[in-house]
Each structure stands twice: as C-alpha cells, then as structure tokens.
Amino acid sequence: MTALLAHAPGTPAIDATAPRRAVLALARVETLRMLRHPVTVAATLLLAGSWVATWFAIGTSRYPVLQELDRDSAIGMMILLGGAALIVGNLAVLRAHRDGTTGLSQVLILPDRARTLAHLFAPLPLAVLGAVLIVARMAALAIWAPAAGHPNPYELATGPATVLLLGALGVLLGRLTRSAVVAPLALLVLLASLVALDPLAHGGKALWLAPQGGSALPMPVPVSLIGRPAAAHLGYLLGLAGLLAAAALLRAGARGVRVAVAGVLALACAVAGGTAQMSAPGHAAVAARTAVMYHPSQYETCRELGHVTYCAFAGFSRWIPAWDTVVRAVVAQAPATARSAPLTVRQRIAFVGLSGGKGPEQLLAAWRADDAAAGTPGAIGIDTRWGDSRSAASLAARVAYRLVTGQPGEAREERAGQRELVGATACGGVGVLVVWLAAQAGTQARTGLRQLAEDGPDRRGGVSFDENELFPSVYVPAPELAVATQALDRPRADTAARVQRSWATLTAPGTTAAQAARILGVPAPATSTAC
C-alpha cells in the first residue's frame, strides 16, 4: 500500500523535486559515514604518516623546496584520499543493493536523483580535510625546516580537486554498474597510469591529461621559472569532476535544466583548462630561464660569512648557514696560507634543451664570464638540491680542490673517440688531500663520500664530485681514493698533523699517490695514475 501511495496522483510532494533540507541531511549522514569509514581513516593516516616518514628517511626533505613538494603532496593525496573517496563513495551508492533493500528505496521520499546528489556532496568535507592537511604540512616545513621557496596555491588545490574528481567517479560507477569490484579496478588503473604514462608520454604534453599533471623539471628552480600551467590544470580537473557529477545525475534520472547547464559549464571548463595546459611555456618564460641559466649572478642575493661569499637564488638563502657549516669545516683543516684567498659559493641552474644551439662548454664559459663580471672569479658552483650526504660530500670536495689547487673544480671537454665532459682530475697528493679534506666536513659528508665511492663509482674508477646532475666537477682516481680512505681510518689528530706539516709537498704537482701514502703513514697503492 505504501508503494501505491508513493505513486498516487494525490501525493505531488513525493513525485516533485526533493526538498533541499532532505538532500543536505542525507549528505551530512553520508559525509560522516565516509569520514569514519575504515578505508578513509587508513588513507588519512597513511598520507600523514608518509609525509612524516619522508622527513626522517630522505635527507633532502630536511631542506625542502616548497614549490616541488606542493606537487608531490597533491599526488599523494590523489592516491590515498582520492582513492578512499572513489571506493567509499561507490560502496555508499551500492549500499541498497548490497543490503538487499533496493525495493524499499523506491518508496522513500528522496528519489534516486536526489540521493545521487547527496552522494556527490559527501566527498566535499574529505577534500577540505585534505586541504587542511596539505596546508598544515607546508606551514610546518616553512616554520620548522629551512625550506626554500613557497608553494603554488593552484598546485595545493590540485590534491583536493582530485578527491572531488575520484569521488564523483565512484558515484558514477555505482550508477552504471552494481559490481563493487569496478571501483578498486578503476583505482588500480589510475595507479598504473602513474607508473606507465610518464615514460610512454616521454614527459610530453599528453601527460597533462592525466590527473597527476605533467612531469616536473629535472631540478628545483625558483618559483618564477617553473612555468607549470597549474591554474589551467586545476580548472581541467574541476571541469572533469563536474562532468562526472552531471553524468551520474543523468544516469539517476535527473533531466532538469540545471543539470544540463551544469554539464555544459563543466565541459567548457574542462576543454578550456585542458587546452590551456597543453600549450608550451611562453617566450617570456623561456627567456627568463635562459637569462637565469647563463647569468645567475644577476638574479641572486649574496651574503658574506667570514671570508666566504654565498650567492643564492630568491627563496634559497635559508640554506646558506648549512652550506657555511660544510665550507668552514673544510677550510679549518687547511693551513693559514691556503685559506687566505676569499671563496665564493654560487648557486647555478642548468635547463636541458635551452642551450640555443650552444654546447655545454659555452655554458661553462658563460658561467666563468658571469663570475668575473660579478667580481667573484672562480666561484664554486652549487645546485638547487641540498640536505643529502652526497650533496655535502660534493660541496666539501670542490671547496677542498679550490684550497689545494687555487682553481675551481669544473667540467672540461675531453675528446677520446667521443665527445663528453669530465671533471677536473685531481691526481697524486692533490687527489688524496681533496678526499681527506672533504671527509673532514662532518659525518654527513663522510657518509656521502662512502656512498659515492661504493654505490655510484665513476666509470673510470675512483670517484667524481658533481656540481649538478649535468656537469661533473672534480674527479679523483681510484689509487688516490684508496690512499685517502686508508688515511681516514687512522687517528684523525695524527693525520691532521701530517697534513699541516707536509702541505706544500702534498699539494706539489709532482707528488704521486705513493708518496702521499708514505707521508700519511698508510700503505702505498698497488697502481698509480698518469695525469
């Protein structure tokens, strides 16, 4: 009889559009169910836990670049909170089918289209929760860590937008099929696209059509040089979410003008955002990147600490005290005569594909000319990553090479059957001294030295200390590395005294690794290197 009343001509309130209060009430109930669902709770804890674990597990996270982490945070939120919205939202739509109450739902005051609208509202608080988490993370890093740069608000909003997108997808899948397996399979496809799409697209424009957006630059850069179409991508994601929501309402039986208008607006937003994000960086962005790459001194702020001048790009100056700790530890082990000359540490960036027909040797020449024009000839280069052991070891080695030879370590071109860049070779006593001095920069530098020697040895043997990923700076052959490693195992005070007494001999051009071994009281290497 209830079913008859539900469809009786005298009950227009039941057949009419559901009251707004009833929809909002159901949305509140579904929201609470979604937030307290075990999948959502687990996803939230995993997201927060992964961010905390990264802080302790990855060295560079202790010196974060906020304009890089905003995109990484969005990806993590998409996978975890977005995945939770997809699965839990889909299960909510299928609840009546799973509980065997589909028939009873036909006599409720809210028709399918109204219940679908309530399900679409449910992921909104979850997206807000994600926004709170990501803002809290950025604030904590900005306050308690020497973070560089600042995040892009559009990149921060991308994570919550993907939660809405996947939540709408879960509702649509629930209206298209009664299978509870489809939503987890859709999430699996999304995860597979994160792994497979980047190499298939070769980092090209097609990657922007995926929820995670295009690939990042090879190295962190100042905010003004990023050039990612984050605003367009956010509009694209919101448009897709609107399209999925409109499709779910249509599938549930909604045929009103409002649904049609919303669908058209969402389609326009998705098309406009998708088209805008596919365009290449403008000429102004390319010109700015080229100018900063070839003339870094014109875009940096310098600070003098003692006899060392540190020059960093905008937003990276908070790292200067950490650089100074490494530099001072190395300089302290050199005699007064070797540390009398002033030193300059200058941050540099190299963009792949912006050479304008010029080779790497032209870029190195431009850097030398830029240093000379800035009044800091022979500056020691450093890139835009910091915090891990290898970065500390590389900076320490290049400072040591400058103290020992008076020359900055830099890449040079070598022609031996093929064209390549190799670091300035430190042979004999010079190479032994460079490695030993670099290890005096602290436990982190010594750990980085061991990692460079064991995990990533130079193809020629020995170890190469890089200025950045593109240009090796100082190369120490294997015999010299072996002598220095043995010297590091001896009592530090005794070796330091030998270095001070025999500095002139160790730094002389003709001193071999075997002679350096005798001076430092360690066995001579089995082989020698011709330089």
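Please treat every number below as a calculation from the coordinates, not as lab data. Bear in mind the structure is a predicted one, so any value in this text is a computation, not a measurement. Neighbour counts run over all protein chains shown; Cβ positions are idealised from the backbone, glycine included.
Structure values in brief
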item: Prolate/oblate/rounded label for the range 135-183 (Cα gyration tensor, a/c 1.5); result: prolate
item: Which of L47, S193, L176, positive extreme of dipole for the range 16-281 (C-beta unit charges); result: L176
item: Net length gained if the chain between A192 and A341 were fully extended (0.36 nm per residue, minus Cα distance); result: 48.1 nm
item: Inter-label distance, nm, simple model (7 Å from Cα along the C-beta direction), Q298/V261; result: 5.2 nm
item: Shape category assigned to the range 16-281 from the gyration tensor of Cα positions, a/c cut at 1.5; result: prolate
item: Whole-number percent relative contact order across the range 16-281, with pairs defined as alpha carbons under 8 Å at least 6 apart; result: 24 percent
item: Whether the range 290-520 is rounded, prolate or oblate, judged on the alpha carbon gyration tensor where a/c under 1.5 counts as rounded; result: prolate
